[in-house]
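Okay, so here's the structure we're looking at.
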Ligand code: NDP
């Protein structure tokens, strides 16, 4: 049976470490600040933003709340980002995605100063992540969380075969680049890959980020492999009061019989994403200190 990686417990450790760093910084320099920008009133975005703001408060990071109307113009949003770029009390800027359709997401992300790009989505930060011998100022939170789950569980990736299922800009691609930087031999499987199971079966480390409920079965997995399930999919469940439950991209019951390590959903990667955002904010604040 696989060892279950407890993302909640690891994320709690990270929050404690961040809180200690925040306390030290706040007493010697200034309180780290994270601007969390939300445009419009999408329910899911509001839930994520509230979660991030609450997490900031819990570790002592000052959350700078920027709530903007759905019909804000692109020019006005750019001006808002520039204002936050110039604010010395703000060490990180997070613009909650997706943005309304009339706003060019790429343009907005590019306007965020790379020194405050705590989500790590600025093309310069992603470019540095992709290049040998270069270090990005920030690494995207969910991919960084996956790597942290592996290292804190004692799984080494150096010299191992890693397969990432998914190639999105926010998870699949950056996590592949991180694995490559950590000296794994990396393959990426996507929706046009024929026979994905034969490729996944070669992996010592599998990162599942396809958004396909329980797609990865036990017979896709090499015995003993470490499997990190990023997928968060809601499926109907009439036995629940809510009528649904969350499942990963991995068939947990089946894969747990074969894998060496496995993350649950929920309680695996999810809590790490916010933990890494807090860590990135503190790192940004530390970098800004001129002794
Ligand atoms: P996207 O939809 O942007 O990307 C999905 C990727 O998976 C694409 O590259 C797609 O391929 C690939 N894919 C889709 N179907 C298949 C298939 N049948 N076989 C192989 N590859 C496939 O999703 P995200 O990357 O944003 O998110 C992935 C999952 O992770 C989602 O469930 C999301 O909810 C979850 N998530 C969880 C987070 C957390 O904190 N726990 C944070 C972010 C995401 P192609 O490129 O060819 O279309």
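The figures follow:
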{"item": "Criterion (closer than 19 Å to residue 120 by Cα, touching a residue at least 60 places away in the same chain (Cβ under 8 Å) and touching a helix residue (DSSP H, G or I) at 6+ places or on another chain (Cβ under 8 Å)) met by exactly one of 61, 38", "result": "61"}
{"item": "Residue check, residue 85 touching a helix residue (DSSP H, G or I) at 6+ places or on another chain (Cβ under 9 Å) and within 30 Å of residue 102 (Cβ to Cβ)", "result": "yes"}
{"item": "Matching residues in region 88-99 - criterion: being in contact with a strand residue (DSSP E or B) (Cβ under 8 Å, 6 or more places away or on another chain) and either within 19 Å of residue 278 (Cβ to Cβ) or without any contact (Cβ under 8 Å) to a residue 40 or more places away in the chain (or both)", "result": "89, 90, 91, 92, 93, 94, 95, 96"}
{"item": "Residue that is farthest from the ligand (Cβ to nearest atom), among those in region 218-245 that are crowded, with 16+ Cβ neighbours inside 10 Å and in a strand (DSSP E or B)", "result": "226"}
{"item": "Any hit, region 123-137, residues being under 27 Å from residue 6 (Cβ atoms) and either in a loop (DSSP other than H, G, I, E, B) or modelled with pLDDT of 95 or more (or both)", "result": "no"}
{"item": "Some residue of region 252-264 being farther than 30 Å from residue 137 by Cα, surrounded by 24 or more Cβ atoms within 10 Å (Cβ to Cβ) and in contact with a strand residue (DSSP E or B) (Cβ under 8 Å, 6 or more places away or on another chain)", "result": "yes"}
{"item": "Candidate set: region 197-217, residues that are touching a residue at least 24 places away in the same chain (Cβ under 8 Å) and more than 13 Å from the ligand (Cβ to nearest atom); chosen: the one farthest from residue 269 (Cα to Cα)", "result": "202"}
{"item": "Among (1) away from the ligand (no atom under 16 Å from the Cβ); (2) free of Cβ contacts under 8 Å to residues at least 40 places away in the same chain; (3) under 30 Å from residue 84 (Cα atoms) - the single one residue 183 does not satisfy", "result": "(3)"}
{"item": "Qualifying residue in region 155-168 (condition: surrounded by fewer than 23 Cβ atoms within 10 Å (Cβ to Cβ), within 16 Å of the ligand (Cβ to nearest atom), within 24 Å of residue 205 (Cα to Cα) and at pLDDT 95 or above)", "result": "yes"}
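The values are calculated or read from the model by the stated rules, or taken from the named source; none is laboratory data. Keep in mind that what you see is a predicted model, and the values were worked out from it rather than measured. For neighbour counting, all protein chains shown are included, and Cβ atoms are generated from backbone atoms with ideal geometry for every residue, glycine included.
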